Amino acid sequence: MATAEEQVKQLYYPNNLGRLVLLAFEEVIGRNGVKAVLKLSGLESYIGHYPPNTFDLGFPFEDLSALIEGIEQFYGPRSGRGLAQRAGQATFRRALQEYPDILNVSDLSFRLLPGKMKISVGLQNLVRAINEHSDQTLRLEEKEEAYLLHCETCALCINRTADRPGCHFTVGILQEAMFWFSGGKYHPIEETHCLAVGDPRCTIRIGRIALE
């Protein structure tokens, strides 16, 4: 039977998502910045050899966790959290551009949905796409005032402990997703629970009412 550590190492994202993440960080901190962080994080094998553009599961959860940890070490915790959030936004933009059919957002039927329904369907499509194409386990709960995204297996929390929720990369993805689904509006998004602080799961609250 595999140990808990071995079970963690068996969790993967598709190669193309790993590639998008690294390209997104290049967009935020530059290619030399990414090289420096990869060296600091013990991920030198990715320098000049980003994951291929395939859906094969080959980008380990622990590598994403190490990358985020390296960003915070290299730039400092506060700046690192902001950079991770911006990289999450860039990752969603790139994914939307390269794989619109996976999110089912490129067809006319989606674009013609009423605003509130478009947000709900868009979030459901995002959760479904991630669950189907990776070892990630997400669950979307719809409340009267907010959507709650629950994550049972969070790559960002692997081998990490924190005194407050720290999945800023995921928050960034959701910020950009909501901006796109809502037609250019910003919604309040906050991580309320996090595996890294000892909670049973990560939970991110997405407010239904846009910020003014």
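Readers should treat all values here as calculations from the given coordinates under stated rules, not as data from a laboratory. No experiment lies behind these values; they were computed from the predicted model shown. Don't worry about glycine lacking a Cβ; one is built from the backbone with ideal geometry, like all the others, and counts go over all protein chains shown.
Over all other residues within a Cβ to Cβ distance under 12 Å of Lys35, the charged ones net out to 0, with Lys and Arg as +1 and Asp and Glu as -1. Pick the calculated P(r) over Cα pairs in 10 Å bins from 0, in percent for this structure from [x] 8, 35, 38, 16, 2, 0; [y] 8, 33, 38, 19, 2, 0; [z] 8, 24, 29, 22, 12, 5, 0? The calculated read-out lines up with [x]. Across the chain, Cα pairs under 8 Å and at least six residues apart give a relative contact order of 21 percent. Calculate how steeply helix 15-40 sits against the longest principal axis of the alpha-carbon atoms of the chain, using the helix alpha-carbon long axis, and give the answer as 0 to 90 degrees to the nearest 10. Compared with the principal axis, the helix lies near 50 degrees. Taking the chain as the region of interest, the number of lysine pairs whose Cα atoms are within less than 22 Å, with members eight or more places apart or on different chains, is 6.
Were the residues from Ala210 through Gln10 laid out at 0.36 nm apart, the gain over their Cα-Cα distance would be 68.2 nm. Highest mean first, the peptides 182-192, 101-111 sorted by other C-beta atoms within 10 Å per residue fall in the order 182-192, 101-111. Taking other C-beta atoms within 10 angstrom as a stand-in for reagent exposure, Ser120, Ser45, Ser134 fall in the order Ser45, Ser120, Ser134, fewest first. Round to the nearest 10 and give me the degree value, 0 to 90, for the angle of helix 168-181's Cα axis relative to the longest principal axis of the chain. Roughly 30 degrees, rounded to the nearest 10. Add +1 for every Lys or Arg and -1 for every Asp or Glu among the other residues with Cβ under 11 Å from the Cβ of Glu176, and state the total. That works out to +3. Given the C-alpha centroids of region 181-200 and region 6-78, what is the distance between them in whole angstrom? The two parts, judged by their Cα centres, are 22 Å apart.
With a simple spin-label model that places each label point 7 Å from the Cα along the Cα-to-Cβ direction, the separation between Ala36 and Asp101 comes to 4.1 nm.
For the chain, the longest principal axis of the alpha carbon atoms and the long axis of helix 115-133 meet at an angle near 30°.
Spin-label model, Asn131 to Tyr186: label points 7 Å out along the Cα-to-beta-carbon direction sit 3.1 nm apart. At a Cβ-Cβ separation cutoff of 4.7 angstrom, cysteine residues of the chain with no neighbouring cysteine are Cys167, Cys194.
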